[in-house]
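Student: This structure is in structure tokens; I'll ask about it shortly.
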Amino acid sequence: MRASSSSSKRAPPAAEEVPAGGGRAPLGIDLDHAFTNPDLLRQALTHRSHGALHNERLEFIGDAVLNCIVALALFERFPDIAEGDLSRARAHLVNRDTLAQVARRLKLGDAIRLGEGELRSGGNERASILADAMEAVFGAVFLDGGFQAARRAVDAAYADVLRDADPHVLGKDPKTRLQEWLQARKLPVPEYAIVATTGEAHAQSFAVECRIPQLAVVATGTGSSRRTAEQEAARAAFDEAMKTRRG
């Protein structure tokens, strides 16, 4: 399999690190899989703007495989959690934002092959492109090595996310998630305060701080409304609280 060789389509150098005769993915961490057919990996890392042999069909497979593996991981890890909470947690773990987060940690954007237009517009950092490529990589691993190989790859890529997963709070809005997480640990609810307001009355921007004194966490969020800013501050505070917990 070969991508388009048109001189008007150039790929980032990292994409050319895909080995010609077998090897591991050129990503930030090991996905615990050596490809028997590295052309599958090359295709998984090829956006449709780069050539006709792109990753959308592999993305289709990867989406189904990822959903199954994440569902199985949650089912095994949380035997007492109800179906509704498990379904909400799975939906959160496989959505675009989480996939893009995982892809960024793997430095996947450096390996995706894009057409010149997408490269110029920063396509290798766009959440939709990163998420689709991440699913395609999982699909490529599945086709190359089977379900167990795909499960090892997902486990490696999602290690941090799955370790911190809590079905009781995943999939809820950031403020609710943070509050319930704190209450479950018998900690007071967070404090929110507007620290800045900028712009004209019809186009204001708010900056809000979320404080959790007991954890020494102070996080800021911005938005076009106080509510949006509070949600963003809660999201940042939750991420910081998780780092504090791991530390």
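Each reported figure results from applying straightforward, stated rules to the coordinates on display, with no laboratory input. Source: prediction; values computed, not measured. Positions of Cβ are generated from backbone atoms using ideal geometry, with glycine treated the same way; all protein chains shown enter the neighbour counts.
Student: Would you mind checking the tilt of helix 226-246 against the longest principal axis of the Cα atoms of the chain, expressed as 0 to 90 degrees and rounded to 10?
Tutor: Helix 226-246 and the main axis of the chain meet at about 70 degrees.
Student: Also, quick follow-up: Once both axes come from the Cα atoms, what is the angle between helix 96-105 and the longest principal axis of the chain, in degrees from 0 to 90, rounded to 10?
Tutor: With both axes taken from Cα atoms, the answer is about 70 degrees.
Student: If you average 1/r over all unlike Cα pairs in the stretch 107-247 and invert the result, what Kirkwood radius do you get in angstrom?
Tutor: 17.9 Å
Student: Additional query: To the nearest 0.05, how large is the calculated FRET efficiency for Gln183 and Ala159 if R₀ is 25 Å and r is the Cβ-Cβ distance?
Tutor: 0.40
Student: Separate question: What distance in nm separates the simple spin-label points at Cys68 and Arg105, each placed 7 Å from Cα in the Cβ direction?
Tutor: It works out to 2.4 nm between the two label points.
Student: Then there is this: Any aspartates and glutamates with Cα under 19 Å of the Lys107 Cα? List them, leaving off those in the same chain fewer than 8 positions away.
Tutor: Partners within reach: Glu16, Glu17, Asp30, Asp32, Glu59, Asp97, Glu118, Glu125, Asp132, Glu135, Asp155, Asp160.
Student: Stick to Cα atoms and the Kirkwood definition of Rh, then tell me Rg/Rh for the stretch 174-246.
Tutor: For the stretch 174-246, the value is 1.03.
Student: Shifting gears a bit: Would you mind checking the stretch 178-193 for residues with the amide N under 20 Å from a putative spin-label position 7 Å along Cα→C-beta of Ala91?
Tutor: 178-181
Student: Report the convex hull volume per residue for the chain, counting only C-alpha atoms, in Å³.
Tutor: It comes to 145 Å³ per residue, whole-number rounded.
Student: Let me ask something additional. Which of the peptides 106-112, 146-152, 199-205 is most tightly packed, and how do the rest follow, going by the mean number of other Cβ atoms within 10 Å of each residue?
Tutor: 106-112, 146-152, 199-205
Student: Something else about it: Expressed as a rounded percentage, what relative contact order does the stretch 87-178 have, with Cα pairs under 8 Å and six or more residues apart?
Tutor: Relative contact order for the stretch 87-178 comes out at 36 percent.
Student: So if I take the centroid of the Cα atoms in the stretch 52-76 and the same for the stretch 201-221, what is the distance between those two points in Å?
Tutor: 36 Å
Student: Would you work out which of Ala159, Thr176, Pro213 lies farthest towards the positive end of the dipole of the stretch 130-238, given +1 charges on the beta-carbon of Lys and Arg and -1 on that of Asp and Glu, about the Cα centre?
Tutor: The residue sitting most towards the positive pole is Pro213.
Student: Normalised by the residues of the chain, what does the relative contact order come to in percent, with Cα pairs under 8 Å and at least six apart?
Tutor: Relative CO of the chain lands at 18 percent.
Student: Placing +1 on the Cβ of each Lys and Arg and -1 on the Cβ of each Asp and Glu in the chain, which of Thr197, Thr222, Met242 has its Cα farthest towards the positive end of the resulting dipole?
Tutor: Thr197
Student: Of the peptides 73-84, 119-130, 222-233, how do they stack up when ordered by the mean number of other Cβ atoms within 10 Å, highest first?
Tutor: The peptides rank, most packed first, as 222-233, 119-130, 73-84.
Student: What is the calculated FRET efficiency for Arg211 to Leu53, with r their C-beta to C-beta distance and R₀ = 51 Å, to the nearest 0.05?
Tutor: In this case the efficiency is close to 0.50.
Student: Go ahead and estimate [θ] at 222 nm for the chain from helices alone: -39,500 (n - 2.57) per DSSP H run with n ≥ 4, summed, over the residue count, rounded to 500.
Tutor: Dividing the helical sum by the residues of the chain leaves -15500 deg cm²/dmol.
Student: Highest mean first, how do 131-141, 43-53 rank when packing is the count of other Cβ atoms within 10 Å averaged over residues?
Tutor: Order by mean packing, descending: 131-141, 43-53.
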